[in-house]
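A.B. asks: My questions all concern the structure below.
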Amino acid sequence: IIADNVTSGAITQSNYADDVQHSAAFTVIATPQLPNLVPQNITLNKSSVQPGETLTVNWTLANTGSGNSPSTVTGVRMNLSSTSFAGTTIINVPMPAINGNSSTPQNTTITIPAGTAAGTYYIWIIADNVTSGAITQSNSADDVQHSAAFTVTVTPELPNLVPQNITLNN
């Protein structure tokens with residue numbers, strides 16, 4: 001604090017040496033630059049599959065934050081819901097480190113599990129899909145996105161009637 005801090009017209013004082021005092025020390029902490037991982041542009045190579053068939057999933061994993069992201073894994077899940085990503089992860093896809101405000105393409109091919117019931121399903125992409133040691137992000141609420149709906153169809157088992165042991169009686 002500087003008393004009578006003017007460049008001209010300063011008042012006449014008996015002592016100018018005590019016109020300056022300072023506060024106690026304080027520290028300025030910089031706001032950390034954090035990553036923000038967001039799955040985007042999820043596409044599927046088929047709109048209908050049967051159990052046991054493969055489905056190719058493509059997406060972009062964007063880091064919309066200003067900080068760089070270390071490498072982690074991206075989870076891929078399949079379920080019947082367009083509002084919940086609950087379920088078992090089918091596969092974790094390695095994700096390379098991503099600089100701030102950039103992205104990387106990712107993809108995988110999954111096999112629709114045998115015994116999957118017919119219905120409308122979604123593929124969910126989960127950024128930083130780890131149970132412990134998750135990276136610190138500016139926002140983790142946008143770590144999950146789902147694909148467009150696709151259909152699992154089940155071909156019914158049809159009987160095959162074959163006549164056997166044919167004999168002729170006279």
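The values are calculated or read from the model by the stated rules, or taken from the named source; none is laboratory data. Just so you know, these numbers come straight off a predicted model, no measurement behind them. Note that each Cβ is placed from the backbone with ideal geometry, even for glycine, and that neighbours are counted across all protein chains shown. Accessible surface areas use protein heavy atoms only, side chains included; no ligands, DNA or RNA. Shrake-Rupley method; radii C 1.70, N 1.55, O 1.52, S 1.80 Å.
A.B. asks: Go through (1) aliphatic (A, V, I, L, M); (2) modelled with pLDDT of 95 or more; (3) within 30 Å of ASN36 (Cα to Cα) for ILE112 and report which single condition fails.
C.D. replies: (3) is the only condition that ILE112 fails.
A.B. asks: Restricting region 118-136 to residues that are at pLDDT 95 or above and loosely packed, with under 15 Cβ neighbours inside 10 Å, which is nearest to SER84 (Cα to Cα)?
C.D. replies: The qualifying residue nearest to SER84 (Cα to Cα) is THR120.
A.B. asks: Do any residues in region 104-125 that are on the phi > 0 side of the Ramachandran plot have Cβ atoms under 8 Å from those of residues that are of a type outside the set (Asp, Glu) and open to solvent by less than 30 Å² (accessible area, probe 1.4 Å), where the two are at least six apart or on different chains, and which pairs are they?
C.D. replies: Cβ pairs passing all conditions: GLY119/VAL152.
A.B. asks: For region 72-95, name all the residues that are loosely packed, with under 13 Cβ neighbours inside 10 Å and under 13 Å from the mean Cα position of the chain (by Cα).
C.D. replies: Residue satisfying the conditions is PRO94 alone.
A.B. asks: If you scan region 52-71, which residues turn out to be within 12 Å of SER147 (Cβ to Cβ) and surrounded by fewer than 17 Cβ atoms within 10 Å (Cβ to Cβ)?
C.D. replies: Within region 52-71, THR56, ASN58 qualify.
A.B. asks: Inspect all residues belonging to region 3-22 and state whether any of them is under 30 Å from ILE125 (Cα atoms) and not polar (S, T, N, Q). Steps first, please.
C.D. replies: As a first pass, look at region 3-22 and keep what is under 30 Å from ILE125 (Cα atoms): none.
The answer is no, given that none of the residues of region 3-22 is under 30 Å from ILE125 (Cα atoms) and not polar (S, T, N, Q).
A.B. asks: Here's a check for you: in region 35-51, which residue that is assigned to a loop (DSSP other than H, G, I, E, B) and open to solvent by less than 50 Å² (accessible area, probe 1.4 Å) is nearest to VAL154 (Cα to Cα)?
C.D. replies: Residue satisfying both the conditions and the ranking: PRO51.
A.B. asks: Let me ask you something else. Would you point out which residue out of VAL38, VAL49, VAL20 is farther than 28 Å from ASP128 by Cβ and aliphatic (A, V, I, L, M)?
C.D. replies: Being farther than 28 Å from ASP128 by Cβ and aliphatic (A, V, I, L, M) holds for just one of VAL38, VAL49, VAL20, which is VAL20.
A.B. asks: Next question. Starting from region 150-167, take each residue that is touching a residue at least 60 places away in the same chain (Cβ under 8 Å) and list its partners that are part of a loop (DSSP other than H, G, I, E, B) and of a type in the set (A, V, I, L, M), counting only C-beta distances under 9 angstrom and pairs at least six apart or across chains.
C.D. replies: THR151/ALA118; VAL152/ILE112; VAL152/ALA117; VAL152/ALA118; THR153/ALA118; VAL154/ALA117; VAL154/ALA118
A.B. asks: Considering region 149-170 alone, what residues qualify as being among the aliphatic types (A, V, I, L, M) and over 22 Å from TYR121 (Cα atoms)? Don't jump to the end; show me each part of the working.
C.D. replies: Of region 149-170, the ones among the aliphatic types (A, V, I, L, M) are 149, 152, 154, 158, 161-162, 166, 168.
The answer is LEU158, LEU161, VAL162, ILE166, LEU168.
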